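Written out below as structure tokens is the structure these notes cover.
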Amino acid sequence: MEEKLKQTIQSLQYVNRMYERIMDEIDVGIHAVDETGKTIIYNKKMMQMESMDSKDVLNKNLLDVFMFKENQESTLVQALQEGKEAINVKQTYFNNKGKEITTINNTLPILKDGKVQGAVEIAKDVTKLERLIRGKIKRKGNTRYTFDSIIGSSPSIKEVIECAKRATRTSSYVLIVGETGTGKELFAQSIHNGSSRSAAPFISQNCAALPDSLIESLLFGTKRGAFTGATDHAGLFEQAEGGTLLLDEINSLNPNLQAKLLRVLQEKTVRRIGDTHDIPVDVRVIANINEDPIDAIANNHLRKDLYYRLGVVTLFIPPLRERIEDILFLVQCFIKKYNELFQMDVKGLDEEVIQSFLAYDWPGNVRELEHIIEAAMNIMMDEEMIKYSHLPYHYRNKLQMKEKTIPAPGVESFIHNATDITIHLKDQLESFEKYYIEHALKQNDYNISRTANLLGLSRQSLQYRMRKLNIINR
């Protein structure tokens, strides 16, 4: 009996040594807690990731050791208290010395007879990658952007940023809608860098840059012998495996190619040109479009079925004319950027330039604003303020043409009555905007499509402004 007990103990000791060796050799962090929240497993990789020693963590309550950001809970605690499973969730927290750590976690509750008896977390370290992204290290051809790179505090841009941040939690396809120069790729990169795919490739392709025959082989790849000169070549879907593929100007693809793209999105497999076998791919697709998708479908620029597949998450980036309050913040950012680049010391804009910027409709949006600041600073000498004379000729010419236009009927009477200088400019502008939209709706018998066309807006933009201004469509 004693011999059998001795053998059992030796066997358990052997298994325990094997277990400890395996736990310390695997290249992921393992952290497990019991039903009270005390740490019972804490492997070597987790110690390295969190810069902690096992004696600082083992047999101690998780929340007594680590601190979490405001409004963020520990995924381990959530699994323990709610039986909640979390897969590929990014979490940022602090060790007992205040060092920030960022991990991608798979967190699972340990259940027995339906009761939670503990929880285990399997973590991958992305702390260095996060610091690299936050540092906004810019290398030509490989610029990295995060949500911190998006400048603006207007309600319209903040709403889009919040929606985009929520999209980082999943791998659903995203359609980004916005005019030229609004920053669609900036949002796409921010979503990628904020997701669990951030360590994998991010590949961007402008679909309008190449003819259909080339874009098809570029996207899907080729098989040797498929056509004269064809070689075995992986397409962008294969190259982006595990990461994100951004397809810019998706509406420029012909309908047949859009149908092939739809099949790849639905089946999550790709077939190289000339091949007979499908290759599984794990790629998140983000598509950009520079026109209203409803208009694109009506004009046969976008297949309806592709729109429904891509538009699981649809983000409408507001044009600059709809976020006027952000213009001066953007200006300061661009002045700082080109001060560093050109070794200058420009302080800001003079009053005449400010007024012209606020009155301009910015058809080229944020990109046009940046180009105007860059152009102005190129011709400045020792001046500290950008003056109207420094602005590019094409911009000044547009403003002069605009000043010659006749105001719409009824506007004069509104301006005549809007003389209360105790009201903030923003409130005056919103009041005028509401009046102007209501006037246009009335002229068009409250038809949304005709009114949007008259005002130079998309249907979605007009409906957004109507909701914002509490305009009721009759």
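Coordinate-derived values only; no laboratory data. All of these numbers come straight from a predicted model, not from anything done at the bench. Cβ placement follows ideal geometry from the backbone for every residue including glycine, while neighbour counts extend to all protein chains displayed.
Give me, ordered by chain and number, the residues 5 or more places off residue 288 or on other chains with an amide H under 5 Å from its own placed amide H.
176, 247, 248, 249, 250
Around residue 201, under 12 Å between beta carbons, what's the net of Lys plus Arg minus Asp minus Glu among the other residues? Can you show the working numbers first?
Details: positive: 197, 284; negative: 238, 241, 282.
After counting each charged neighbour, the total is -1.
Given q = 0.27 Å⁻¹, what are the Debye log10 I(q)/I(0) values for segment 1-81, with equal point scatterers placed on the Cα positions and solvent ignored?
Ignoring solvent entirely, the Cα scatterers give -1.29.
Quick check on the exposure proxy: order 294, 40 from fewest to most C-beta atoms within 10 angstrom.
If I rank by nearby Cβ atoms, fewest first, I get 40, 294.
Treating only the Cβ of Lys, Arg, Asp and Glu as charged (+1, +1, -1, -1), what charge dipole size does the chain show about its Cα centre? Round to the nearest 20 debye.
Working: 62 positive and 64 negative charges, 184 e Å.
Computed charge dipole of the chain: roughly 880 debye.
Can you list, largest first and rounded to whole Å, the semi-axes you get for segment 133-318 by taking the square root of 5 times each eigenvalue of its Cα gyration tensor? Please report the intermediate quantities before stating the final value.
Numbers: eigenvalues 158, 75, 41 Å².
In descending order, the three semi-axes are 28, 19, 14 Å.
If we sort 308-318, 53-63 on the protection proxy, mean other Cβ atoms within 10 Å, highest first, what's the order? Working shown, then result.
Working: 308-318: 19.4, 53-63: 14.5.
Highest to lowest by the protection proxy: 308-318, 53-63.
Contact order normalised by length for segment 237-362, with contacts defined as Cα pairs under 8 Å and 6 or more residues apart; what percent is it?
Values: 106 pairs, mean separation 31.3, N = 126.
Contact order relative to length: 25 percent.
Based on the alpha-carbon set only, what is the convex hull volume of segment 232-361 divided per residue, in Å³?
Numbers: hull volume 22.0 nm³, N = 130.
Cα-based convex hull of segment 232-361, divided per residue, equals 169 Å³.
From the Cα gyration tensor of segment 185-250, with a ≥ b ≥ c the square roots of its eigenvalues, which class applies: rounded if a/c is under 1.5, or else prolate if a/b is larger than b/c, or else oblate? Walk me through the numbers on the way to the answer.
Values: a/c = 4.91, a/b = 1.76, b/c = 2.79.
Note, shape of segment 185-250 comes out oblate.
Do any of 44/84; 45/84; 4/60 go past 32 Å between their Cα atoms, and which? Provide the component values of the computation, followed by the final result.
Working: 44/84 26 Å; 45/84 24 Å; 4/60 36 Å.
4/60, as the Cα separations exceed 32 Å there.
More than 24 Å apart: what percent of Cα pairs in segment 298-391 qualify? Walk me through the numbers before you get to the answer.
Numbers: 1591 of 4371 pairs.
When all Cα pairs of segment 298-391 are counted, 36 percent exceed 24 Å.
Taking 19 Å as the cut-off for C-alpha to C-alpha distance, list the pairs among 69/99; 223/260; 97/165 that go past it.
Working: 69/99 12 Å; 223/260 17 Å; 97/165 29 Å.
Listed pairs above 19 Å: 97/165.
Under 8 Å for C-alpha pairs, at least 6 residues apart: give me the relative contact order for the chain, rounded to a whole percent. Walk me through the intermediate numbers first.
Details: 706 pairs, mean separation 48.9, N = 474.
Dividing the mean separation by the residue count of the chain yields 10 percent.
Determine the calculated [θ] at 222 nm for the chain from helices alone, applying -39500 (n - 2.57) to every DSSP H run no shorter than 4 residues and normalising by the residue count; nearest 500 deg cm²/dmol.
Details: 21 runs with 212 residues, N = 474.
The helix-only estimate for the chain comes to -13000 deg cm²/dmol at 222 nm.
State, as an integer percentage, the relative contact order of segment 334-404 based on alpha-carbon contacts under 8 Å between residues 6 or more apart. Each step should come with its number before you reach the end.
Details: 54 pairs, mean separation 26.7, N = 71.
After rounding, I find 38 percent.
Considering all projection directions equally, how large on average is the shadow of the alpha-carbon convex hull of the chain, in square nanometres? List each step's numbers first, then the result.
Details: hull surface 137.3 nm².
Projected area, direction-averaged: 34.3 nm².
Treating the angle as unsigned and between 0 and 90°, give the value, to the nearest 10°, between the Cα long axis of helix 425-443 and the longest Cα principal axis of the chain.
The two axes meet at around 70 degrees.
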